[in-house]
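Worksheet: one structure, shown below.
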Amino acid sequence: RKKKKNVKQKQNPAETEQQTSAPITETVPKKEEVESTLQEYFDALLVERGYDIKTYETLSTGYYNKASAHQVASYGPRMVQIVKSNDIAALRETLDGGLSANPCNQFGESLLHMICRRGDTDLLTVFIEAGTVLQVSDDYGRIPLHDACWAAKPAFGVVEQILARDSFMFFMKDRRGAQPLSYVHKDDWAQWRDWFDENIDTYFPESGAASFKPSDLCSVPPNSFPIQDGKSDLSLELIKMVAFGELSPKEAREVAETARREEDEETIAATVVDDGSDSEFDSDYDSDFDSDYDDSDYESDMENEELYEMLQIAQVARAGS
């Protein structure tokens with residue numbers, strides 16, 4: 001009995017294609033593995049509108065300035081507590097009392113950065129009303145927008161307050177080369193994309209691409225624009241005591257007023273002593289002058305003149321008779 005030969009049957013081309021394509025489908029990356037980063041998404045929007053997306057290192061520009069003594073003195077545990085407890089009334093009182101509107105430590109880490117990272121629009125408004133400067137950086141090259149993007153959840157209210165004053169902050173890089181959008185948590189990228197889609201025209205309109213230019217601070221070296229100290233009746237020592245909670249703003253003003261009053265009294269006392277020495281000179285001068293020619297001498301001279309005139313009249317009368 002002959003064995004049947006194994007005859008290889010021809011397969012349907014459609015079936016062959018289906019079999020060979022199956023493994024390929026399984027190797028396609030998942031959507032989240034190929035989606036662009038938030039920074040890439042933002043850059044694409046700007047390029048499409050004709051904007052230049054050149055970036056700048058914060059620490060090499062005028063955004064970075066060493067903190068002044070007034071700023072450092074105004075930063076302390078009490079001020080940090082006020083921010084963390086969202087005490088708007090206390091913040092207004094301290095800022096109105098003479099503390100800097102840009103309080104920070106010696107490393108440039110400021111209450112402004114903290115407020116932005118907490119997403120607190122109300123406290124940020126208080127600082128802005130007090131004259132705070134938003135174009136500042138810490139020693140790591142982080143500007144307030146870095147911290148606003150770093151918030152635990154999207155802080156679009158704070159972001160909008162910042163962009164209304166300086167939309168170029170999106171192009172600033174910290175010490176490690178990260179732009180603000182690099183600080184956004186990945187779980188929040190979708191919300192940020194939606195926000196950009198709705199608000200891109202407000203800050204980066206298509207009609208503004210031709211005139212858009214870097215911030216003036218990008219063309220100057222660091223420490224070109226130090227924070228100007230506001231007018232304050234308090235000494236640095238008193239400011240520090242308020243920032244550390246050792247004195248209330250009211251108590252600090254009372255101490256300052258007492259010190260000024262005592263200083264004025266000392267000045268007046270010194271002036272009185274000076275006037276007394278002058279009067280002594282005058283009395284000596286007057287006494288010397290009076291000893292030579294006083295009022296009694298003048299009166300006697302007048303009497304002699306009158307007597308002389310009377311004698312002349314009498315002589316004329318005699319001659320006529």
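Throughout, read-outs are computed from the coordinates displayed, never taken from laboratory work. Predicted, not measured: the structure shown is a model, and the values here were computed from it. No Cβ is skipped: glycine too gets one built from the backbone with ideal geometry, and neighbour counts run over all protein chains shown.
Return the loop-located trypsin sites (Lys or Arg not before Pro) in the range 55-113 (DSSP other than H, G, I, E, B) with at most 15 other Cβ atoms within 10 Å of their own Cβ; answer none if there are none.
LYS66
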### Task
Kindly flag which residue pairs out of LYS84/LYS186; LYS66/LYS153; LYS66/LYS231; LYS66/LYS240; LYS153/LYS173; LYS84/LYS231 have an alpha-carbon separation exceeding 24 Å in this structure.
LYS84/LYS186; LYS66/LYS153; LYS84/LYS231
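Give me the extension gain from ALA190 to LEU45: residue separation times 0.36 nm, minus the current Cα-Cα distance, reported in nm with one decimal.
Numbers: separation 145, 0.36 × 145 = 52.20 nm, distance 1.49 nm.
Extending this stretch completely gives an extra 50.7 nm.
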### Phi to ³J(HN,Hα) by Karplus 6.51 cos²θ - 1.76 cosθ + 1.60 over the range 149-160, Hz, x for Gly, Pro
6, 8, 4, 4, 9, x, 9, 5, x, 5, 4, 5
### Task
For the range 114-120, take each phi angle, set θ = phi - 60°, evaluate the Karplus expression 6.51 cos²θ - 1.76 cosθ + 1.60, and give the result in whole Hz per residue in order, putting x for glycine and proline.
4, 4, 5, 5, 7, x, 8
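How would you rank 158-164, 231-237, highest first, on the average number of other Cβ atoms within 10 Å across their residues? Write down the numbers at each step before the final one.
On the way: 158-164: 20.0, 231-237: 13.9.
Order by mean packing, descending: 158-164, 231-237.
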### Summary
Residue-ordered couplings for the range 164-176, obtained by feeding phi - 60° into the Karplus form 6.51 cos²θ - 1.76 cosθ + 1.60 and rounding to whole Hz (Gly and Pro as x), are 5, 10, 6, 6, 6, 4, 4, 9, 8, 10, 7, 4, 9
### Query
Out of residues 5 or more away from TYR75 or on other chains, whose amide H comes under 5 Å of its own, with H placed 1.01 Å from N in the peptide plane?
CYS104
### Task
Extending each Cα 7 Å along its Cβ direction at GLU206 and PHE107, get the distance between those two points in nm, one decimal.
4.6
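What length, rounded to one decimal in nm, is gained on full extension from SER167 through to THR121, with 0.36 nm per residue of separation minus their alpha-carbon distance? Display every interim value, and only then the final one.
Working: separation 46, 0.36 × 46 = 16.56 nm, distance 1.73 nm.
So the extension gain works out to 14.8 nm.
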### Surrounding net charge for PRO214, when Lys and Arg each add one and Asp and Glu each subtract one, Cβ distance under 10 Å
0
